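Written out below as structure tokens is the structure these notes cover.
The values are calculated or read from the model by the stated rules, or taken from the named source; none is laboratory data. Keep in mind that what you see is a predicted model, and the values were worked out from it rather than measured. Heads up, the Cβs are rebuilt from the backbone with ideal geometry, glycines too, and the neighbour counts pull from every protein chain shown. We work out accessible area using only protein heavy atoms, side chains counted, and drop any ligands, DNA or RNA first. Shrake-Rupley method; radii C 1.70, N 1.55, O 1.52, S 1.80 Å.
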Amino acid sequence: MAVRTREAESAPKEGAAALGPALELKHVSLDLGNTSILHKVSFRVEPGTIHCLIGPNGAGKTSLLRTILGQMPHEGVVKIRWGARRGIGYVPQRIDVEDLLPLTLRDFIALSCQRRPAFLGMARRLRAEFDECMQALGLAGKVNRMVGQLSGGERQRLLFAQALIPMPGLLILDEPLSSLDRQGAELIQERVRQLADTGMTILWVHHDLKLVREMADAVTCVNRTLRFSGDPAELLSPERVLEAYAP
Amino acid sequence: MPLLDALSAEFMQRALLAGLLVSLAASYFSPFVVQRRMAFLGSGLAHAAFGGVALGVFLGWAPLYTALPFTVAAALAIVAVRHHSALDIDTAIGILFALAMALGMIFLYLTPFYTRDAFTYLFGSLLALGPSDIWLAAGVCALTAALVPWWSAWAFASFDRELAVADRIPANRHDYLLAAALAALIVASIKVVGIILVSAFLVLPGAAARPLAKRFRTFTLLSLAIGTSTTIGGLLLSAPLNLPSGPVIILCQCGVFAAALLAARWQD
Amino acid sequence: MNALHEMLRAWAASGADSGWLPSTFQYAFVVNALLSGLVIGPLLGAVGTMVVAKRLAFFSQAIGHAALTGVAVGILAGEPYTQPFVSLFAFCILFALAMNFARNHTRISSDTIIGVFLAISLAIGASLLLFVTARINVHVLDTIMFGSILTVNDTDLNILWGMTLVTLIVGLVNFNRMLLSTFNPALARVRGIRVRWQDYLFILLITLLTVASVKIVGAILVEALLLIPAAAARNIARDLRSFVAYSCIIATISCLVGILVPLQFNLPVPSGGAIIMVAAVCFLVSLVLRAAVPALRDAA
């Protein structure tokens, strides 16, 4: 498992415009009813970086993601400065598919990624991309299995696959490794590294701080307010984290 | 005064007695129905009761006493399906009860059915309550009273089933008891509110009490108060106006529900 | 379309005469009934898959029962109870939209909301019906609940064809979006789907279908056909394509057998009841198949 060196990342990519967008949040606040979920959160995400979002449970991370996705009415500014490739890929934590529903993996991807009704089969143009993606994520043997029968880890890999069809400029992942075993987790991590290498911007909500230290180019800690944001090597000391996670 | 005159009539006294008995039972169970999301089950059991009544009419037996085992069996079957199969309960309820309706329809088709009887069973009727109906109502009320000692166990399981089971509460067994009690209650209430409205009778008192109560004890007490008062009130209203009791009672309960929602909003 | 119906009736009659079709086919009302079964079957079977996938069984039942009240409103408004379309449609739409609105905007559980709306609708409907049946006769209840498929005429069939067209257009375009909205609304929104809109669109579709079918098959049967064939198909299908296909087939078979068998063999069973019984049998068979054939249960 290669650890990315910091020096290589901080040098700006020469020549071509960055593939993924830059994100900027300025004084973003979110109130739901009488509760303040987020208060004046500001930070930047640089293009082509792996940017991790950490914080205790219930601290507003998922709400922050939804705000960035434009799905929550908020105060403050969320600016996405697109690069060469537009489009957001979103990897949610879970999908509500009941066990018995006859929905195969192929059906699910067809459903998410094409216009043609999924019960008429997968669109021709999608098939190659689909096969490749399934292969890369170790799901190739299970494409005709029903989603309801997948293990938690397999489902998460499926959700990851869905976000990459079509390839986005910004990839947002909400705790994608929580159900995965070691092998699955490594698969996803490796894939994310490869994607970041191509210049995609990755925003990743995560709770495993060891992983964050290894993988992230930048880390932001949110616990209703912004606790810290910047270089993981300096910021992820035990004292800082403990302090930041306190209510 | 027409009201006092009405009260002295024997049929009115029987109606009030039956109404009080079934409304006590219904309002007691209503919070559980609301909290455990069993409104669909209630509706489904009413359909099953329709099938049972039709069977009774077809066979020439007492319709309510035929409907009773029929509906209880249906209730137990649904709970069994929920506990022992992957089939989701909504589908199970929907199918079982479409079936009961179909059977009911077929039985009715095969029977010469008197219009007056149809009205009584569908909409409730003050005039048609006989001693056997009172006994049924009393029996159900007694059954409810016998189940009251388990109130807090049932309340616990309604809010956090896993914790309740971990606490050694036999939640599964209680599910069967509750479902069977609901079935019996529905059958007993048919002549008071009618088959069409009996599931409403099971849901509305609890639904009305919900916005106003924070603790389950208040929830239950309020539900009892609302359910019984609207039933008695509805019965008293319907007599002089010569309307069938079912719609009047349910409309009263709807009114209280609306008022409760407004009151709760005002409080916030 | 009337010309097509005429042609089919004539063809059936000649078939009955020469003996390769059962004798009941000589009657126009039988052919009409079968035709409507051939249209309603696939229609309700297909939409039913979405009802089951979205777990809207109770919701669609409430809409079906609202038809009872809708007809009563219509009669009160002076429409003939055989063609109470405008008030029926208006009432059911308002009811469905209000119920969905309440589901989305209150903290009360969906189950209780539907239960309360059902209660209100039935209470009003029951009161109105009593008022109104004093004028006509009690069999109006019968017709609304169980329909009257043996009195289907060309107008009814044309309405069904219209509904099929509408459903095809709406369904084909929005199928994926509706399902994805159910699985994960946030993901659906990222994909550019207007989740609330899709929700209301589907509700509208079911309401339209219910209203269009009520006179023919009755409220109870609409609800049953939106649920049972899809539930049966779910037991034996292994992917979306077979799910939808089986559901349509089972619904159509239920309709056709339920209409033909009692007529052909002179059984004293009303067609509505027979259709539900056939559908229920299909469901039982699907349960048995699923239990007996491991391939249907296990992962591929």
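Side notes on the structure shown:
- Counting the residues of region A:194-223 that are of a type outside the set (D, E, K, R) and assigned to a loop (DSSP other than H, G, I, E, B) gives 6.
- Residue check, C:V269 more than 28 Å from A:N144 (Cα to Cα), within 13 Å of another protein chain (Cβ to nearest Cβ) and outside any helix (DSSP H, G or I): yes
- Residues that are at pLDDT below 80 and polar (S, T, N, Q) within region B:117-142 comprise B:T120, B:S125, listed in sequence order.
- Qualifying positions in region C:172-193 - among the hydrophobic types (A, V, I, L, M, F, W, C) and assigned to a helix (DSSP H, G or I): C:L172, C:V173, C:F175, C:M178, C:L179, C:L180, C:F183, C:A186, C:L187, C:A188, C:V190
- Residues (within 10 Å of chain B (Cβ to nearest Cβ) and open to solvent by less than 70 Å² (accessible area, probe 1.4 Å)) located in region C:272-286: C:G272, C:G273, C:A274, C:I275, C:I276, C:M277, C:V278, C:A279, C:A280, C:F283
- Yes/no for A:S237 being surrounded by fewer than 20 Cβ atoms within 10 Å (Cβ to Cβ) and either within 22 Å of A:A140 (Cβ to Cβ) or under 16 Å from the mean Cα position of the chain (by Cα) (or both): no
- Odd one out for B:G60 among (1) more than 13 Å from chain C (Cβ to nearest Cβ); (2) within 21 Å of B:V192 (Cβ to Cβ): (2)
- Test result for B:L41, within 26 Å of C:I113 (Cβ to Cβ), within 18 Å of the chain's Cα centre (by Cα), in contact (Cβ under 8 Å) with a residue 60 or more places away in the chain and surrounded by fewer than 21 Cβ atoms within 10 Å (Cβ to Cβ): no
- Here B:V33 fits the description: buried (at least 18 other Cβ atoms within 10 Å of the Cβ) and over 28 Å from C:T143 (Cα atoms).
- Within region B:121-138, the set of residues being closer than 13 Å to B:V187 by Cα and in contact with a Lys or Arg (Cβ under 8 Å, 6 or more places away or on another chain) comprises B:Y121, B:G124, B:D133, B:I134.
- Matching option when the condition is surrounded by 23 or more Cβ atoms within 10 Å (Cβ to Cβ) and either in contact (Cβ under 8 Å) with a residue 12 or more places away in the chain or more than 9 Å from every other protein chain (Cβ to nearest Cβ) (or both), among B:G94, B:G130, B:G139: B:G94
- Just one of the listed residues (C:L76, C:L43, C:L88) is modelled with pLDDT under 90 and buried (at least 24 other Cβ atoms within 10 Å of the Cβ), namely C:L88.
- Of note, C:A119 satisfies the criterion of being within 14 Å of chain B (Cβ to nearest Cβ), over 17 Å from the mean Cα position of the chain (by Cα) and free of Cβ contacts under 8 Å to residues at least 24 places away in the same chain.
- Answer residue from region C:129-152, given it is under 18 Å from B:T120 (Cα atoms) and either hydroxyl-bearing (S, T, Y) or open to solvent by less than 20 Å² (accessible area, probe 1.4 Å) (or both) and is modelled with the highest pLDDT among those: C:L129
- Taken over region C:187-206, residues that are more than 15 Å from C:K54 (Cα to Cα) and at the interface with chain A (Cβ under 9 Å from one of its Cβ atoms) amount to 4.
- Criterion (part of a helix (DSSP H, G or I) and either crowded, with 22+ Cβ neighbours inside 10 Å or modelled with pLDDT of 85 or more (or both)) met by exactly one of C:A33, C:A16, C:A3: C:A33
- Within region B:109-127, the set of residues being more than 8 Å from every other protein chain (Cβ to nearest Cβ) and part of a helix (DSSP H, G or I) comprises B:R116, B:D117, B:T120, B:Y121.
- When region C:211-242 is limited to residues that are basic (K, R), more than 9 Å from chain B (Cβ to nearest Cβ) and assigned to a helix (DSSP H, G or I), the one that is most open to solvent (accessible area, probe 1.4 Å) turns out to be C:R241.
- Qualifying helices (runs of 4 or more DSSP H) (wholly inside region B:183-268; at least 2 residues being in contact with a Leu (Cβ under 9 Å, 6 or more places away or on another chain), more than 10 Å from every other protein chain (Cβ to nearest Cβ) and surrounded by fewer than 22 Cβ atoms within 10 Å (Cβ to Cβ)): B:216-241, B:245-267
- Test: A:L187 is at pLDDT 85 or above, open to solvent by 10 Å² or more (accessible area, probe 1.4 Å), closer than 30 Å to A:D99 by Cα and part of a helix (DSSP H, G or I): yes
- C:A245 under 21 Å from the mean Cα position of the chain (by Cα), away from chain B (no Cβ under 14 Å), within 30 Å of C:R177 (Cα to Cα) and part of a helix (DSSP H, G or I): yes
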